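Undergrad: Have a look at this one.
The values are calculated or read from the model by the stated rules, or taken from the named source; none is laboratory data. A quick note: this is a predicted structure, and the numbers were derived from the prediction, not measured. Cβ placement follows ideal geometry from the backbone for every residue including glycine, while neighbour counts extend to all protein chains displayed.
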Amino acid sequence: MTNKLSDKDKKDWQKYINSSERLHSKDLEQSNNQTISERSIDLHGLTLEQANQEISQFIENCYLNKVKKINVITGKGMRSKNINDPYQSSKLSILKYSIPEYIKNNSELMKKIIKIDFESVDSPSKGSFDIILKSIR
């Protein structure tokens with residue numbers, strides 16, 4: 001691989017960064033009949049409240065856009081500072097456990113869901129789980 005850029009590449013790059021044009025998101029190009037099979041969301045670093053709000057909006061958006069499967073990345077909770085707090089649940093203060101419980105207890109979200117992969121949630125080696133969504137009628 002060469003480390004030198006051609007003059008044309010340099011000019012093209014300079015033209016791009018000086019323009020107001022931005023790259024088009026292919027995710028937004030979906031037609032009404034097209035189905036996206038899978039999307040992911042990473043909730044690392046969010047508070048419980050932020051994560052609950054994000055996952056609610058994400059599930060709603062995916063459902064409306066005919067996504068079939070959502071991969072929710074929460075992390076394993078190994079570095080959670082909540083583990084050392086005796087006044088908090090050692091499980092539900094960690095996103096890995098609290099997010100699936102939040103979804104399960106939200107009847108509006110559950111109307112859109114076929115299955116939550118609780119086996120992955122319970123696995124100590126996994127920091128993510130899948131949600132299978134129903135189709136829009």
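Undergrad: Taking the options Ile114, Ile136, Ile83, name whichever one is at pLDDT 95 or above and either over 13 Å from Ala51 (Cβ atoms) or among the small types (Gly, Ala, Ser) (or both).
TA: Numbers: Ile136 fails: at pLDDT 95 or above; Ile83 fails: at pLDDT 95 or above.
After ruling out the rest, the residue left standing is Ile114.
Undergrad: In the stretch 102-126, how many are in a helix (DSSP H, G or I) and either aliphatic (A, V, I, L, M) or surrounded by 14 or more Cβ atoms within 10 Å (Cβ to Cβ) (or both)?
TA: From the stretch 102-126, those in a helix (DSSP H, G or I) are 102-104, 107-110, 118-122; that's our starting set.
After this cut, where a residue has to be either aliphatic (A, V, I, L, M) or surrounded by 14 or more Cβ atoms within 10 Å (Cβ to Cβ) (or both) as well, the list is 102-103, 109-110, 120-121.
The qualifying residues number 6.
Undergrad: Answer with yes or no whether Val72 is under 30 Å from Ile94 (Cβ atoms), at pLDDT 80 or above and in a loop (DSSP other than H, G, I, E, B). Can you show your working first?
TA: Details: under 30 Å from Ile94 (Cβ atoms): yes; at pLDDT 80 or above: yes; in a loop (DSSP other than H, G, I, E, B): no.
Against the criterion (under 30 Å from Ile94 (Cβ atoms), at pLDDT 80 or above and in a loop (DSSP other than H, G, I, E, B)), Val72 does not qualify.
Undergrad: Which of the residues spanning the stretch 42-66 are assigned to a helix (DSSP H, G or I), in contact (Cβ under 8 Å) with a residue 40 or more places away in the chain and not small (Gly, Ala, Ser)? Give the derivation first.
TA: The first filter runs over the stretch 42-66 and keeps only residues assigned to a helix (DSSP H, G or I), leaving 48-64.
With in contact (Cβ under 8 Å) with a residue 40 or more places away in the chain added as a condition, the list becomes 48, 51-52, 55-56, 59-60, 62-64.
Correct list: Leu48, Asn52, Ile55, Ile59, Glu60, Cys62, Tyr63, Leu64.
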